[in-house]
1. Is it true that some residue in region A:154-169 is at pLDDT 90 or above, under 26 Å from A:A53 (Cβ atoms), open to solvent by 10 Å² or more (accessible area, probe 1.4 Å) and away from chain B (no Cβ under 14 Å)?
2. If I ask for residues that are open to solvent by less than 20 Å² (accessible area, probe 1.4 Å) and under 26 Å from B:P200 (Cβ atoms), which ones from region A:75-93 would you list?
3. Would it be correct to say that A:I59 is within 16 Å of ligand 2 (Cβ to nearest atom) and in a strand (DSSP E or B)?
4. Name the pairs: first residue in region B:175-190 and within 13 Å of A:Y129 (Cβ to Cβ) and within 7 Å of chain A (Cβ to nearest Cβ), second residue part of a helix (DSSP H, G or I) and of a type in the set (G, A, S), Cβ to Cβ under 7 Å, at least 6 apart or on different chains?
5. Here is a list of conditions, (1) within 16 Å of ligand 1 (Cβ to nearest atom); (2) among the basic types (K, R); (3) open to solvent by less than 40 Å² (accessible area, probe 1.4 Å), and A:R239 meets all of them except one; can you say which number that is?
6. Can you work out which of the residues in region B:162-171 that are away from every other protein chain (no Cβ under 14 Å) and open to solvent by less than 20 Å² (accessible area, probe 1.4 Å) is farthest from A:L131 (Cα to Cα)?
Amino acid sequence: MKEKIIVKNLVKVFGANPQKALALLKEGKDKAEILNETGFTVGVNNVSFSVNAGEIFVIMGLSGSGKSTILRCLNRLIEPSAGEIIVDGTDITKLNAKQLRKFRQEKTAMVFQQFALLPHRTVLDNTVYGLEVQGIPKKEREEKALKILEIVGLKGWEDKYPSQLSGGMKQRVGLARALTNDADILLMDEAFSALDPLIREEMQDELLSLQQKMNKTIIFITHDLNEALKLGDRIAFLRDGALIQVGTPEEITTHPSDDYVAKFVRGVDRSKILTAADIMKKPQPLIPLRDGPNVALRIMKEHGISSVFVVDRERHLQGIITVDAALEARKAGIMSLSEVELEHGPVVSEETPLHDTLTAMVDSKLPMGVVNQDNKLVGIIVRGSILAALAPDYSGSDSEDELAATASPDHKLVFAEEEMEQESANSAI
Amino acid sequence: MTKIPMAEAIDKVVKWLQINFGESIDAFSDSFGDLIKYLESYLAFIPWWLLILLFALAAWRVSGWKLAVGTILGLAFIFNLQLWPAFLSTLVLVFISALVSIVMGIPLGIIAGRNYRFHRIISPVLDFMQTMPSFVYLIPALLFLGIGTVPAVFATVIFAMPPAIRFTDLGIRQVPVDLVEVGEAFGSTPGQLLWKIQLPVALPTIMAGINQTMMLSLSMVVIASMIGAGGLGAGVLEAIAQLKIGMGFEYGIAVVIIAIILDRLTQGIGSSLRTGDK
Ligand SMILES: Nc1ncnc2c1ncn2[C@@H]1O[C@H](COP(=O)(O)OP(=O)(O)OP(=O)(O)O)[C@@H](O)[C@H]1O
Ligand SMILES: [Mg+2]
């Protein structure tokens, strides 16, 4: 693999006179000590890495860890204090103003977090900006821009102004502007962070499919691990301006080099952090033990399901009655479910990890009951809920509330209903 | 305690300037004065109703029919009061002064907007200029150029220029950082950055400055009648001197009408720029 960008011992110190801070860095002092002694902020502390041609290289780290600073050093929007940045064999830290402009025009294009579209220009005029600056004739640059706008799905929007677009569309324009420039290197600073989750996902997919066609070298900054894992060929972790670990998603998640990285990657395997309680739905409908098969059949018909949980007066789980069993019981003239031989599906406690829940679910056709410490039925799980929870867009690293929220609605109901429909269709025959 | 000889020193400097540059200043003043006279006579050549219609058309374009109707009524009223010639010369003075202020002010504002050191130097100067009572500017104008239209324009330009500088400076400073970064990241030259990004984005703010410059020009042109500027201001001055209250009122109303029309016109241009969709 060809190395497109090589960064060697990159340092950035913010302040009027970085020499002193640089000397202190050499002595091995850290960011906090230098801030104390000199009042200067170390943005990037002696970072070295290389990026291969055609690779998506993701930089991760907490806020203030120096991600944007590194990215902006790569096209010298921020002047490095020390170190080398070699792109295609040229050390760009040594370019003069004119050479730098040429380098920026030809080699790099940037996508901004807040889109940064020019408000006085139409979509088309925004898209052509890079070529316009290079002095490409109007007709030629517009032809090219129109082609790219079509690729990113903005055909027909050329004459709109940025204020007339949604966030997702604005970032498509931002992406189109960068792609039209035809540079090999795309610099993307939290390019999708300002978008809402669904649009964001869409843009990630879009970027991946574009990347297959265009084969750019992409430096992508994010603080969302899922985004990093999805996009990154390799991921670099930064802390306090220093590089902690660089590796493939595989390496990073299986062998985090220290606690900092480990904290980031914890929760990647969702089946290990989610519990049954996170994905169960309300235990409804239920049928009391004292009711008879007729009531059971009516409830099942009402809800379009083929089995129902049976509980006693304290809501302790007694078992499950299926359509077939209820029909038989009715034929036999049985009046109360307590006299029927109930079936028993899998049962787990609230705290059971999803992983184990999954295992318990595998060999049963019946829905799963979730019980609390007192053995009361607190929830039920159908197959669909587990699938929904494991789907890739399900954000496992976020707050618990959000987990519950994303786990519960759409997916699961859809799955559950499908299942029910199928089964009630079977039982109708 | 001896008095610091400030007045004496200034007098000396002025005298020196007069001796050394007096002739060229006079020559400049004469040709500039001629220019203003020509303009006035050209305007007087246009039939009054046509000029009103032209104003109304401009008002309709930048704002709408309401302003157009208001413009027609207001200007017709001025004509009816038989203040048309005074109106014309005031108009010429305002436009010339505002134009000079803008042509000089905007480039200064651009420099201040892009160069922090210049911004730091010019800010207190502008503060000083704006806190001075307006008629103080009449004194140096009088000294160098004597009495007449040209010193009036000179004083007006100095008085009306600060907002053009300030708003341009502010407008350029307020261009979001990431838009400037876009310019740089795509390899724009400083000139491209200015013309393609900074100025267009700052334009609405600059227009607000132009509006203010216009308004200040008008107010100063009226005051400058004290040193010989003709027009509506001269009428007001005469009315005051002779205690003709009714006459003063008529002239005053005419000034107010011009002020409203010019204000709405320049604001209209500004807000049609602000929406972005032409
Ligand atoms: N222009 C500047 N002047 C002084 N300090 C700065 C400047 N820009 C960044 N810093 C400091 O450098 C450090 C790194 O900032 P940087 O913006 O690169 O962080 P980041 O990882 O991009 O954070 P975020 O996720 O919030 O964008 C921070 O401590 C920040 O305060
Ligand atoms: Mg950042």
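The values are calculated or read from the model by the stated rules, or taken from the named source; none is laboratory data. Everything numeric in this text was worked out from a predicted model, so none of it was measured. In this analysis, Cβ positions are derived from the backbone assuming ideal geometry, glycine residues included, and neighbour counts consider all displayed protein chains. SASA here: full protein model, heavy atoms, side chains in, ligands and nucleic acids out. Shrake-Rupley method; radii C 1.70, N 1.55, O 1.52, S 1.80 Å.
1. No.
2. Step one: filter region A:75-93 for residues open to solvent by less than 20 Å² (accessible area, probe 1.4 Å), giving A:75, A:85, A:87, A:92.
Within region A:75-93, A:N75 is the sole residue that qualifies.
3. Numbers: within 16 Å of ligand 2 (Cβ to nearest atom): yes; in a strand (DSSP E or B): yes.
When the stated conditions are applied, A:I59 passes them.
4. Every condition considered, the pairs that remain are B:F186/A:G130.
5. Failed condition: (3).
6. Restricting attention to region B:162-171, the residues satisfying the condition of being away from every other protein chain (no Cβ under 14 Å) are B:162-170.
Then keep just the ones that are open to solvent by less than 20 Å² (accessible area, probe 1.4 Å); that gives B:162-165, B:168-169.
Details: B:P162: 38, B:P163: 36, B:A164: 33, B:I165: 33, B:T168: 28, B:D169: 29 Å.
The extreme case among them is B:P162.
So that you can scan it fast, the table gives a plain yes or no per residue for (1) at pLDDT below 90; (2) within 16 Å of ligand 2 (Cβ to nearest atom); (3) touching a strand residue (DSSP E or B) at 6+ places or on another chain (Cβ under 9 Å); (4) at positive phi:
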{"residue": "A:R177", "(1), (2), (3), (4)": "no, no, yes, no"}
{"residue": "A:A183", "(1), (2), (3), (4)": "no, no, yes, no"}
{"residue": "A:K230", "(1), (2), (3), (4)": "yes, no, no, no"}
{"residue": "A:F237", "(1), (2), (3), (4)": "no, yes, yes, no"}
{"residue": "A:P249", "(1), (2), (3), (4)": "yes, no, yes, no"}
{"residue": "A:P256", "(1), (2), (3), (4)": "yes, no, yes, no"}
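Table: residues versus (1) at pLDDT 90 or above; (2) in a loop (DSSP other than H, G, I, E, B); (3) under 22 Å from the mean Cα position of the chain (by Cα).
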| site | (1), (2), (3) |
| --- | --- |
| B:G183 | yes, no, no |
| B:S188 | yes, yes, no |
| B:Q198 | yes, no, no |
| B:V222 | no, no, yes |
| B:S225 | no, no, yes |
| B:I258 | yes, no, yes |
| B:G268 | no, no, yes |
